[in-house]
Amino acid sequence: MTASSEPARGAGTSTRTGRSRSGTAAKTSAAAAFALVFGVAALFSVLTAILAWIGVVLAIVGIVLGIIGLKMATRPGVTGRGVAIGGLVLSVLALLIGLALGAGITTFLNNEGAVDRIQEQVDDLRDRIDQ
């Protein structure tokens, strides 16, 4: 057997350039890419505060896709580990902010003194507008 007929050492494994040693381009995991998209969308939604509940749902989907993307990135010829980690981080951050915002709003609304103060301020503003 000659050297040219033997497979190259490590053939089929991916390198840092995104190409496998056999010459075919490695593909980024679709789940990892979608995890990043859902993570960014969730973070923007949560930061608007009005769409926080949508952001929490998007964050949960992003976390699931990020985990799937991490598992898919271990396959030969598939990249996207960093993209999946980025999606996971953004999704977890959005979920934590959304839950904290929800807990804060719930606590605030259950505080009768705070609701009464807001009602007094609204009444004062109405009186000023009427004058």
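The values are calculated or read from the model by the stated rules, or taken from the named source; none is laboratory data. All values reported here derive from a predicted model rather than from experimental measurement. Note that each Cβ is placed from the backbone with ideal geometry, even for glycine, and that neighbours are counted across all protein chains shown.
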**OP:** Tell me, yes or no, whether the range 40-52 has at least one residue that is assigned to a helix (DSSP H, G or I) and at pLDDT below 90.
**Re:** yes
**OP:** Select from the range 74-101 the residues that are within 9 Å of Leu36 (Cα to Cα) and part of a loop (DSSP other than H, G, I, E, B) and list them in ascending order.
**Re:** none
Original post:
Residues of the range 43-55 being surrounded by fewer than 20 Cβ atoms within 10 Å (Cβ to Cβ) and under 14 Å from Ser91 (Cβ atoms), which ones?
Top reply: Phe44, Leu47, Ile54
**OP:** Give Gly82, Gly113, Gly102, Gly77 a once-over and let me know the one that is exposed (fewer than 15 other Cβ atoms within 10 Å of the Cβ) and in contact (Cβ under 8 Å) with a residue 60 or more places away in the chain.
**Re:** Gly77
**OP:** Report, by residue number, each residue of the range 57-74 that is more than 10 Å from Ala31 (Cβ to Cβ) and surrounded by fewer than 20 Cβ atoms within 10 Å (Cβ to Cβ).
**Re:** Val57, Ile60, Val61, Thr74
Subject >> Within the range 31-60, tally of residues that are over 8 Å from the mean Cα position of the chain (by Cα) and under 18 Å from Gly80 (Cβ atoms) >> reply: 4
**OP:** Determine which single condition Phe44 fails, assuming it passes every other condition in (1) of a type outside the set (Lys, Arg); (2) without any contact (Cβ under 8 Å) to a residue 12 or more places away in the chain; (3) in contact with a Lys or Arg (Cβ under 9 Å, 6 or more places away or on another chain).
**Re:** (3)
